[in-house]
Amino acid sequence: MIANYGYTDAEGAFYITIDTGKCEGCEAKPCVAACPRSLFVEEEDPYGEDVVAIDDAKRKKLNYECAGCKPSGERAPLPCVAACPYDAVTHSW
C-alpha cells in the first residue's frame with residue numbers, strides 16, 4: 001500500500017510517501033532511527049502488519065519538521081531516504 005502523509009498549502013505540496021508493502025520485510029526499520037526529528041513511527045496497519053508511518057502530530061508540519069534535512073542548494077540524500085534499504089521512502093518536495 002502506498003501511504004501519503006502531509007498536506008498542500010499556498011507554499012506547495014509537502015508529502016512523505018511510504019510504500020508500506022516494501023516495509024513488510026524490513027525488521028530493523030532504519031528510517032525510524034535515521035530521522036533526527038522523530039517523524040517516523042512504527043504502527044500496525046489495518047491488515048495487522050507492522051509498518052512505518054509519520055507521527056500524527058507532525059503530519060501537518062512536514063515543511064518545518066523536515067527543514068533541517070532539506071537545506072537549499074546541493075544536498076546529500078535525506079537521512080530517512082538514505083537509511084531505507086528498500087527505497088520505500090520518498091518526499092514530494
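The values are calculated or read from the model by the stated rules, or taken from the named source; none is laboratory data. This one's a predicted model, so the numbers in the text were calculated from it and none came from an experiment. Here the Cβ is made from the backbone with ideal geometry for all residues, glycine too, and neighbour counts use every protein chain on show. Heavy atoms of the whole protein, side chains included, go into the accessibility calculation; ligands, DNA and RNA do not. Shrake-Rupley method; radii C 1.70, N 1.55, O 1.52, S 1.80 Å.
Here are the numbers for the structure shown:
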| read-out | value |
| --- | --- |
| Residue that is least open to solvent (accessible area, probe 1.4 Å), among those in the stretch 1-16 that are touching a residue at least 60 places away in the same chain (Cβ under 8 Å) and among the aromatic types (Phe, Trp, Tyr) | Phe14 |
| Residues of the stretch 40-89 satisfying the condition of being of a type in the set (Gly, Ala, Ser), farther than 17 Å from Tyr5 by Cα and touching a helix residue (DSSP H, G or I) at 6+ places or on another chain (Cβ under 6 Å) | Ala83 |
| Selection from the stretch 18-34 of residues that are modelled with pLDDT of 90 or more and either farther than 16 Å from Tyr86 by Cβ or over 13 Å from the mean Cα position of the chain (by Cα) (or both) | Ala28 |
| Hey, Ala67 open to solvent by less than 90 Å² (accessible area, probe 1.4 Å) and touching an Asp or Glu at 6+ places or on another chain (Cβ under 6 Å) or not | no |
